[in-house]
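Data block below; observations after.
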Amino acid sequence: MALTLEQMRHTAKLARLELSDEQLTDLMHAINALMAHFERLQALPLDEVEPTSHSFPVYNAFREDVVGATLPREAALANAPEARDGLFIVPRIVEE
Amino acid sequence: MKELLTLSLAEISQKLHQREISAVELAEATLTHISAVEPQVQAFLTPTPELALEMAQQAQARLDAGERTPLLGVPVALKDNLCTAGVRTTCASRILHNFVPPYDATVVKQLREAGAVFVGKLNMDEFAMGSSTEFSAFHVTRNPWDLERVPGGSSGGSAAAVAAHMAYATLGSDTGGSIRQPAAFCGTVGLKPTYGRVSRYGLVAYASSLDQIGPLTKTVEDCAIVLNAIVGKDPHDATSVELPAPDFRDALIDDIKGIRLGVPKEFFAQGVQPEVAETVQKAIGLLESVGAEVQEVSLPMAEQSLAIYYILAPAECSSNLARYDGVRYGLRVGAEKGHIGMMEATRATGFGKEVIQRIIIGTYALSSGYYDAFYLKAQKGRTLLRQQFDSVFQQVDALVCPTTPTPAFKIGELVDDPLAMKLADVLTIPVNLAGLPGLSVPCGFVDGLPVGLQIIGKPFDEMTVLRVGYTWEQIACLQDELRTPRGLGGLG
């Protein structure tokens, strides 16, 4: 199975990556070379096997619902590309 | 002063305790050495000389007050994917080029409390994705054994800094071999602890079901000392495990009589260079001669590991790296394009080619219609691999094999070949998929380049892994040779 340019465009959109067709074509060749290696997985008898998401069973980790220390607002905003009045500034999302 | 720099962490700690040198003098000597060697090696992204001197003064005050702990006053350095409060943490990515964390990673906090002295943040492959440190967005790091060669990756800066004596120990992270592979390439010791042994809070996430933090050091003893400082349950990392913490130095027993070592035959196939296999076989023979019981074992699923890894790790990465959107921190590009346009432009500009490749693979593998064919299959393959490890560990106490199929390759040699570079991790990846502890110790040289012996243990049995590594170190007697990496003409 190999990815097409159309699938590459769609996947890049899902991943929020602005890439030119030239970049996508380049990537497609590299990815398809790797995908050929993944094909071997398809041949394994895996129908009866349970999937493993972590190497050890990790169950829900609960804790008491208590108020703890949080980052001061200034510290949280210190790395913001743009901030004003204690808020992150982003491009307009809702049209006028 | 130079001979002090080539000492092990345990040895320099003794000198500090006995007041043969002060922590400030040691920090100054280390910083001077870094200035001399760093132009050739380029292991650092952000050196922190001022911080180092400040921490050295604090450490000396504690030494003066009578405290005698093994990391107190010892210069160490950190991979640049570990958050350090107030010190730039870039992950070797343009997207985080200006990111200054407001908090410390748990391991960083633990080292601070232990009194270690931070000399800087180390180069790596961008977001820990790579095997040569060539995917750093900033610069290439060179192998102290041969400056034309890579130090390995992704913790290439961490390994090169230890090999070139710019720090007595460093921390790295290992998702598919990123501690053990560069350790092998640079002739240092490197340990990936069991998944859950060390908190990942404050480690910039790549593939969360695989990532683990661990030490790179000059000796197995030093490795045990650093491990002692960083283990433990952390309420900030739900996957960290509550376990009684042994003193890992108790594992430093020069005796492995009766220890059952398995030699997984698949780890000597898969493109392993005959000279590397020979060097490792020789080491295994020596371990047998001092009383280890050696037997061949088989892990057929290991040969599927690369395929499993390159679905699971990109899938997790595509999710983890979704947070870099130009809104709250890091790079922002194209704010005039609206909020979606800004995210798309920021991410395409800020991420390098390898990271973008993995995000695309992961997004595709998780996308509707393909999930069962790729992601689910890979997770099931992982189960089979884990079961095979479990069954092998019924027969043996630890596994021994090469860390990498070849010694360090040349800079630029594999950078354009999507599969060849990834094969450098083919012997380390199975250990991450199964969550096991894995140690690389230097075991000899091929063409003047270090070769690593990998020791793989049962879950949470770092003790046996360290014991085998320590015993090997005592028989191998490579310490003098390892002290002087050839690429630096002695010490530079």
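If only the Cβ of Lys and Arg carry +1 and only the Cβ of Asp and Glu carry -1, the dipole of chain B around its Cα centre is close to 960 debye.
If you take the Cα centroid of segment B:8-26 and the Cα centroid of segment B:438-492, the two points sit 24 Å apart. Here segment B:213-352 yields Rg over Rh of 1.13, to two decimals, using C-alpha coordinates and the Kirkwood radius.
For segment B:89-153 versus segment B:352-422, the inter-centroid distance based on Cα atoms is 22 Å. When 1/r is averaged over all different Cα pairs and the result inverted, which Kirkwood radius in Å belongs to chain A? Taking every pair of different Cα atoms in chain A, averaging 1/r and inverting gives 19.6 Å. Near the amide H of residue A:83, within less than 5 Å, lie the amide hydrogens of A:89, all on another chain or at least 5 residues away, with H placed in the peptide plane. 3J(HN,Hα) along segment B:24-31: 5, 4, 5, 4, 4, 4, 5, 5 Hz, from the Karplus curve 6.51 cos²θ - 1.76 cosθ + 1.60 with θ = phi - 60°, whole Hz, x for Gly and Pro. Using 23 Å as the Cα-Cα cut-off, could you pick out the over-long pairs in B:218/B:257; B:192/B:233; B:192/B:410; B:282/B:422; A:13/B:380? The pairs that break the limit, which is 23 Å between Cα atoms, are B:218/B:257; B:192/B:410; B:282/B:422; A:13/B:380. With the helix formula -39500 (n - 2.57) applied to DSSP H stretches of n ≥ 4, chain B reaches a computed 222 nm mean residue ellipticity of -11500 deg cm²/dmol. Rounded to the nearest Hz, the phi-derived 3J(HN,Hα) couplings of segment B:321-336 under the Karplus curve 6.51 cos²θ - 1.76 cosθ + 1.60 (θ = phi - 60°) are 8, 5, 6, 8, 10, x, 9, 9, 7, x, 5, 10, 10, x, 4, 6, where x marks glycine and proline. Sites listed here are chymotrypsin sites (Phe, Trp or Tyr not before Pro) in segment A:40-88 whose DSSP assignment is loop and whose Cβ has at most 11 other Cβ atoms within 10 Å: A:59, A:62. Around the amide H of residue B:294, modelled in the peptide plane, lie the amide H atoms of B:261, all under 5 Å away and 5 or more residues distant in sequence or on another chain. In order along segment B:194-203, the phi-based Karplus estimate (6.51 cos²θ - 1.76 cosθ + 1.60, θ = phi - 60°) of 3J(HN,Hα) comes to 4, 4, x, 6, 10, 5, 9, 4, x, 8 Hz; Gly and Pro are listed as x.
Please average, across the residues of B:96-107, the number of beta carbons from any other chain that are within 10 Å of each residue's own beta carbon, and give a whole number. Please list the in-between numbers first.
Numbers: counts 1, 0, 2, 2, 3, 3, 8, 2, 0, 0, 0, 0.
Going residue by residue through B:96-107 and averaging, the value is 2.
Close amide H contacts of residue B:446 (hydrogens built in the peptide plane, cut-off under 5 Å, sequence separation of 5 or more or a different chain): B:451.
Each peptide in B:399-410, B:378-389 receives the mean, over its residues, of other Cβ atoms within 10 Å, and ordering these scores from highest gives B:399-410, B:378-389.
Given 25 °C and 0.890 mPa s, compute D for chain B with the Stokes-Einstein relation, Rh being the Kirkwood radius over Cα pairs; round to the nearest whole µm²/s.
110
Treating each Cα of the protein assembly as shown as an identical point scatterer and summing with the Debye formula, the log10 of I(q)/I(0) at q = 0.05, 0.06, 0.13 Å⁻¹ comes to -0.20, -0.28, -1.40.
Rule-based calculations on the coordinates, nothing more; no lab input. Fair warning: this is a prediction, and the values are worked out from it, not measured in the lab. Because the Cβ atoms are built from the backbone with ideal geometry, glycine has one as well, and the counts that use them run over all protein chains shown.
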